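Worksheet: one structure, shown below.
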Amino acid sequence: MADTGIGASVRRKEDQRFITGRGHYTDDLNRPGQAYAFFVRSPHAHARIKSVNTAAAARSPGVIGVFTGQDVAADKLGSIPCGWGVTQKDGKPMNAPPHMPLAADKARYVGDQVALVVAETYNQARDAAEKVVVDYEVLPASVDLAATAKKGAPVIHDQAPNNVCFVWGLGDEAATKAAFAKAHHVAKLNLVNNRVIPNAIEPRAAIGDFDTGDDSYTLYVTSQNPHLARLVISAFVQIAPESKLRVVAPDVGGGFGSKIFIYAEECVVTWASRKVGRPVKWTAERFESFLSDAHGRDHLTHVELALDKDGKFLGLRVDTTANMGAYLSNFASAIPTYLYGTLLQGVYTTAAIYCEVTSVFTNTVPVDAVRGAGRPEATYLIERIVDVAASDMGIDRAEIRRRNFIAAIAFPYQTQVALQYDSGNYGASLEKALTMIDYAGFEKRRKEAAGRGKLRGIGLASYIEACGIAPSQVVGSLGAGVGLYEAGQVRFDATGNVTVFTGSHTHGQSHETTFAQIVSDYLGVPFEKIEVVHGDSGRIPFGMGTYGSRSLAVGGSAIVRAMDKVIAKGRRIAAHLLEASEADIEFKAGKFSVKGTDRAKTIGEIAFAAYVPHNYPLSELEPGLDETAFYDPANFTFPAGTHVCEVEIDRDTGVVAVERWVAVDDFGRIINPMVVAGQVQGGVAHGVGQALCEAAVYDKSGQLLTGSYMDYCMPRAGDLPSIEVDTTVTLCTHNPLGVKGCGETGAIAAPATLINAIVDALAPLGVKHIEMPATSQRVWQAIHSAS
Amino acid sequence: MHDFRYHRPSSVDEAVKLLAGKSDARVMAGGMTLIPTLKQRLAKLTDVIDLAAIKELKGIKVEGKAVTIGAMTPHHEVASSIAVKKAIPALAALAAGIGDPHVRHRGTIGGAVANNDPTADYTAAVLALNATVKTNKRSIAADSFFKGLFETALGEGELITAVSFPVVDKAAYMKFANPASRYAIVGVFVAKSGASVRTAVTGAASCVFRCAPIETALAKSFAPEAIASVMIDGKDFNSDIHASAEYRAHLVRVMAQRAVAAAA
Ligand SMILES: Cc1cc2nc3c(=O)[nH]c(=O)nc-3n(C[C@H](O)[C@H](O)[C@H](O)COP(=O)(O)OP(=O)(O)OC[C@H]3O[C@@H](n4cnc5c(N)ncnc54)[C@H](O)[C@@H]3O)c2cc1C
């Protein structure tokens, strides 16, 4: 069993279909009688919609229906909600303006959905869309994050004066002030966390399919969480009761957060399928992905760190302005607050922390979670200011971290910012990473590179993140609109195969493999006899989906709990069959046996007895072997670790080459090391992209300048060295698997690691900071102005 | 994409006839620029005339002191041609650095030169190597071929049939690629033939151009140091989110120096 159980690098089950082109993505699906949709989008960042004339479009060949914001209003569809209500510093609720599925009054960003055309073919829909005449009164746009809350900026929503969504605080303001008052040194930094576009390889797509036979809807959609989509479209947008809406998220080609959210397009095609009496398919063109997938990050921050004379952190003060874009996306408000402020303890014993976040609207695409969501922002500012402090005070960067780490014996550790860390050993990861990269020998390498005319630098970041989202009562008390448990169902059939139904959703994370490994390991059933089903609200129990590195910690735990129930029932069946008392039955490696004897039944035999209950205690036990569990985590999980990298900079051009990358992470117990390494490598690539080249850039009028791959730069394989991955292990103390989560850490650790290395390389020239993305132009500019 | 009529002629004459009198007809080489333009609905054509079946437009010939490349020859073929590598290695290396493998297998020299994208690579080779653009009507010298942003000397109904490059003593191309698109932010091609030095710069301005100060300095001494302090006037250079005019001007000098160092 060991070769397919927990800890084995089992090859991925899903690869057969993905590598041979047999995956079933939403756009691969076609429903009988299907029509095609194209959305009319606003070309203006901010404009009053005076009228929409659809007459010519309606007469265009092949057109079945044209719909506008007025039709949406007439049918009384609800607003797409923000699922997390943040309470402001002054006790007031945040300003949450409505977001109607088709804009009726104003368009608020370039790409905003204004009308829908449904036609026999995609081209006909697109031709007709060009004939929809929208009379816009173009308004001045508020695009600049730094200026949008200032007096005189154009107001985007009447419900949000000064374009402010909320002003929120966390931590002890007075204690922090006192800490700064007694500081020996205060390190200060202004920094930008750049705006990124998620860029899943599969664009978003949706098919709404209304069945006139029973008044029910099916929505096939690129979603990370089909039940959440069902809940929102039902309870908030009010298209159909949950019992009349099935949401299927089939194979999904990457999400990175962007497919958590319930978007206007999928609501509208579901609704429209009833209006036209036909299934309606929409698949985004890549330009639509750039213009309508929720973007990520986009913070302006001022940070200050107070230190005593030995370099101990006394206090941390953070002031952030966070961009929400034009509307509140479903979790937008949670990202720069509960997934950000709560992480500002980092891995350090900083005695006092205070953070204030002003979240604002701009005439840009809505901003929400992208891989890491809040935690990369927190890590970036902490690990940058720690480096600045080290440089200011002349302390080695590894040493200043050692002096401030929360000690391995200090757990559970109550932070100053609400969270309680359950386990960790930050020093262990740091030391291992330093050894792997030969930190001690770096100055020799710097010299050697200088001989070749290159500036070599080394940088490190010791990150922590909170994932395994999340204890329902905790998040409920903080404003979440949903619970964040997960469901798992383990079903034997009569012939001993197991089907696992999970509320988690895999869109690259390999659940079909790793979940099967867990089940194989626990139940002693061969790996090949286990199928994992996900993504279809018609088949799986109500689950919350995949984001926040929660699938294994929460979804995997639910499956373990369901297996506990299977084993408990199996024990009773075995006791009956083996004529022993239940207390004498033990379960190991797929067999129920009577303690101290060789009398035993395999779990397959037990399953057969449960489904063919001829010799079975029917008076006290139901037949069947099929158990469901809902698991609500007791706490977040806290993966942590240290990444170190080395860069070389070409002085003449400013080009940064990433020469080495070492990642040492603590993910708790590891189920499949190969899958974990893949997640780390992908995450690092994502973070390197943010630090080196990715940036969503708008011009003053609110046009997205980086609306295609000609201008939006994604990292490529050739931009990365082979990433050296290793781990240290402290188990999570509160979930049955002892697991923490690994899907986001690379993207969390990498930006700070890389920028620290670049600044180190440039430090001999007197450079103290460089903004992301550190493009060659920016680096050259820094070199140029320094010399 | 809007609907259009698709033609696949088997000779240049037939292609020219198909073009005649149709204002919204266009020839297609590998479609690497044309197809995305159509898909994005930036152009609406009545007729697309695919040159793929015209044998006379394909292939590479090295005769005497010239390398002649048929208009429909894809970049990959130039990049991997042993004859080109021997005669003008810089040209093969340039072709190998265009886009990605897909683009190199579809994109053609004829399409690239006719399109005259301000950030394309081949245009720099044509200009620096003093190549001749051959069409169905005439031969056009490089110096009078590139007219401005996406503009060339090609007239109506005029097709590129081949580009002929003279073999030179030494040449090299250095490209500073746009990290997103991989087109040139700045590309500099230097070529030395006897006492004459020609230098073409792509990516920096609205059209590929020859850089007189560099040519003059290199004609005196063909060495990187000779242009170390040459002033590049960037006042008409492109400035965008990837590179300011100032940065481009700096890169022109750096790439020129590197090209000289690499010239073989
Ligand atoms: C992703 C991508 C990356 C790229 N990267 C680079 C790069 O790094 N460097 C670079 O230089 N280029 C690059 N290109 C451009 C590419 O190399 C092609 O050369 C260019 O797109 C022309 O393509 P084509 O030959 O298929 O011509 P087409 O797209 O078929 O045609 C282009 C134009 O030329 C006309 N035309 C074609 N053939 C002839 C002819 N024989 N006579 C007259 N007119 C003609 C057509 O009517 C059309 O107007 C890239 C392209 C893509 C799509």
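Look at (1) assigned to a helix (DSSP H, G or I); (2) among the charged types (D, E, K, R); (3) outside the structural domain of A:Ala440 (by TED's automatic domain parsing) and you find that A:Glu356 fails only one, number (1). Selection of first residues in the range A:75-97 that are part of a strand (DSSP E or B) and of second residues that are of a type in the set (A, V, I, L, M, F, W, C), restricted to Cβ pairs under 7 Å at least 6 apart or on distinct chains, gives the following pairs, ordered by first then second residue: A:Trp84/A:Phe331; A:Trp84/A:Ala334; A:Trp84/A:Ala480.
For the range B:213-264, what are the residues that are within 24 Å of A:Ala782 (Cβ to Cβ), in a helix (DSSP H, G or I), of a type in the set (Val, Ile, Thr) and more than 11 Å from chain A (Cβ to nearest Cβ)? Passing the criteria: only B:Val252. Only residues that are under 17 Å from A:Thr628 (Cα atoms) and in contact with a Leu (Cβ under 9 Å, 6 or more places away or on another chain) were counted across the range A:501-520, and they come to 3. Of all residues in the range B:146-172, those being in contact (Cβ under 8 Å) with a residue 60 or more places away in the chain, more than 16 Å from B:Ala204 (Cβ to Cβ) and not in a loop (DSSP other than H, G, I, E, B) number 11. Please go through the range B:3-20 and give me each residue that is assigned to a loop (DSSP other than H, G, I, E, B), more than 14 Å from the ligand (Cβ to nearest atom) and under 27 Å from A:Ala128 (Cα atoms), ordered by number. Matches in the range B:3-20: B:Asp3 only.
Only one of the numbered conditions (1) more than 10 Å from the ligand (Cβ to nearest atom); (2) of a type in the set (Val, Ile, Thr); (3) within 24 Å of A:Ala129 (Cβ to Cβ) is violated by B:Ile35, and that is (1).
Quick check on A:Ala235: is it in contact with a Lys or Arg (Cβ under 7 Å, 6 or more places away or on another chain) and surrounded by fewer than 24 Cβ atoms within 10 Å (Cβ to Cβ)? When the stated conditions are applied, A:Ala235 does not pass them. Could you list, in sequence order, all residues of the range A:30-60 that are touching a Lys or Arg at 6+ places or on another chain (Cβ under 8 Å), aliphatic (A, V, I, L, M) and more than 18 Å from A:Asn123 (Cα to Cα)? Once the filter is applied, which keeps residues that are touching a Lys or Arg at 6+ places or on another chain (Cβ under 8 Å), aliphatic (A, V, I, L, M) and more than 18 Å from A:Asn123 (Cα to Cα), the range A:30-60 yields A:Ala45, A:Ala47, A:Ile49. Taken as a whole, the range B:140-158 holds at least one residue that is within 8 Å of the ligand (Cβ to nearest atom) and either within 14 Å of chain A (Cβ to nearest Cβ) or in contact with a helix residue (DSSP H, G or I) (Cβ under 8 Å, 6 or more places away or on another chain) (or both). Only one of the numbered conditions (1) more than 14 Å from chain B (Cβ to nearest Cβ); (2) open to solvent by 40 Å² or more (accessible area, probe 1.4 Å) is not met by A:Val684, and that is (2). Hey, among the residues in the range A:624-656 that are polar (S, T, N, Q) and open to solvent by 10 Å² or more (accessible area, probe 1.4 Å), which one's farthest from the other protein chains (Cβ to nearest Cβ)? Once the filter is applied, the top-ranked residue is A:Thr628.
Report whether or not A:Ile755 is touching a residue at least 12 places away in the same chain (Cβ under 8 Å) and within 14 Å of chain B (Cβ to nearest Cβ).
no
For B:Lys175, the conditions (1) surrounded by 24 or more Cβ atoms within 10 Å (Cβ to Cβ); (2) without any contact (Cβ under 8 Å) to a residue 24 or more places away in the chain; (3) of a type in the set (Lys, Arg) all hold with the exception of (2). Within the option set B:Asn136, B:Asn130, being within 11 Å of the ligand (Cβ to nearest atom), more than 20 Å from B:Thr33 (Cα to Cα), in contact with a helix residue (DSSP H, G or I) (Cβ under 6 Å, 6 or more places away or on another chain) and open to solvent by 40 Å² or more (accessible area, probe 1.4 Å) holds for one residue only, B:Asn136. Of all the residues in the range B:73-90, those that are small (Gly, Ala, Ser) and either under 17 Å from B:Ala112 (Cβ atoms) or in contact with a helix residue (DSSP H, G or I) (Cβ under 8 Å, 6 or more places away or on another chain) (or both) number 4.
Just so you know, in the range B:186-207 the residues that are within 16 Å of the ligand (Cβ to nearest atom) and open to solvent by 10 Å² or more (accessible area, probe 1.4 Å) include one that is nearest to B:Gly234 (Cα to Cα), and it is B:Ala205.
Taking the listed residues A:Val554, A:Val482, A:Val532, the one that is over 21 Å from the mean Cα position of the chain (by Cα) and not hydroxyl-bearing (Ser, Thr, Tyr) is A:Val532, with no other qualifying.
Condition first: in the same structural domain as A:Tyr616 (by TED's automatic domain parsing) and not in a helix (DSSP H, G or I). Can you find one or more residues in the range A:567-579 that meet it? The answer is yes; a qualifying residue exists. The number of residues in the range A:730-761 that are outside any helix (DSSP H, G or I) and surrounded by fewer than 24 Cβ atoms within 10 Å (Cβ to Cβ) comes to 7.
Filtered by the rule that a residue be open to solvent by 50 Å² or more (accessible area, probe 1.4 Å), among the hydrophobic types (A, V, I, L, M, F, W, C) and assigned to a loop (DSSP other than H, G, I, E, B), the range A:709-726 gives A:Met710, A:Met714. When you scan the range A:97-120, do you find a residue that is more than 27 Å from A:Phe236 (Cβ to Cβ) and in contact with a helix residue (DSSP H, G or I) (Cβ under 7 Å, 6 or more places away or on another chain), even just one? Yes, there is a match, as at least one residue in the range A:97-120 is more than 27 Å from A:Phe236 (Cβ to Cβ) and in contact with a helix residue (DSSP H, G or I) (Cβ under 7 Å, 6 or more places away or on another chain).
Residues B:Val133, B:Val188, B:Val167: which one is within 14 Å of another protein chain (Cβ to nearest Cβ) and of a type in the set (A, V, I, L, M)?
B:Val188
Against the condition assigned by TED's automatic domain parsing to the domain that holds A:Asn735, open to solvent by less than 40 Å² (accessible area, probe 1.4 Å) and assigned to a loop (DSSP other than H, G, I, E, B), how does A:Ser429 come out, does it pass? For A:Ser429, the condition - assigned by TED's automatic domain parsing to the domain that holds A:Asn735, open to solvent by less than 40 Å² (accessible area, probe 1.4 Å) and assigned to a loop (DSSP other than H, G, I, E, B) - is not met.
Within the range A:246-264, track down each residue that is assigned to a helix (DSSP H, G or I) and surrounded by 24 or more Cβ atoms within 10 Å (Cβ to Cβ). Full working, then the answer.
Residues of the range A:246-264 that are assigned to a helix (DSSP H, G or I), as a first pass: A:264.
None - no residue of the range A:246-264 is assigned to a helix (DSSP H, G or I) and surrounded by 24 or more Cβ atoms within 10 Å (Cβ to Cβ), so the list stays empty.
Tell me which residues, restricted to the range A:765-787, are of a type in the set (Gly, Ala, Ser), within 14 Å of another protein chain (Cβ to nearest Cβ) and part of a loop (DSSP other than H, G, I, E, B). Answer for the range A:765-787, where residues must be of a type in the set (Gly, Ala, Ser), within 14 Å of another protein chain (Cβ to nearest Cβ) and part of a loop (DSSP other than H, G, I, E, B): A:Ala774, A:Ser787.
Among the polar types (S, T, N, Q), more than 6 Å from the ligand (Cβ to nearest atom) and surrounded by fewer than 24 Cβ atoms within 10 Å (Cβ to Cβ) - does that describe any residue in the range B:105-120?
In the first step, residues of the range B:105-120 are kept if they are among the polar types (S, T, N, Q); the result is B:108, B:115-116, B:119.
This time we only want the ones that are more than 6 Å from the ligand (Cβ to nearest atom), so: B:116, B:119.
Cutting the leftovers down to surrounded by fewer than 24 Cβ atoms within 10 Å (Cβ to Cβ) gives us B:116, B:119.
Yes; the residues of the range B:105-120 include at least one that is among the polar types (S, T, N, Q), more than 6 Å from the ligand (Cβ to nearest atom) and surrounded by fewer than 24 Cβ atoms within 10 Å (Cβ to Cβ).
Considering (1) within 14 Å of chain B (Cβ to nearest Cβ); (2) in contact with a Leu (Cβ under 7 Å, 6 or more places away or on another chain), the lone condition that A:Leu762 does not fulfil carries the number (1).
Checking B:Ile60, B:Ile98, B:Ile69, B:Ile82 one by one, the residue that is away from the ligand (no atom under 11 Å from the Cβ) and open to solvent by less than 40 Å² (accessible area, probe 1.4 Å) is B:Ile69 and no other.
The values are calculated or read from the model by the stated rules, or taken from the named source; none is laboratory data. On a predicted model such as this, the values are computed, not experimentally measured, just so you know. Here Cβ is always computed from backbone atoms with ideal geometry, including for glycine, and neighbour counts include all displayed protein chains. Just so you know, the surface numbers come from the protein's heavy atoms only, side chains and all, with ligands and any DNA or RNA stripped out. Shrake-Rupley method; radii C 1.70, N 1.55, O 1.52, S 1.80 Å.
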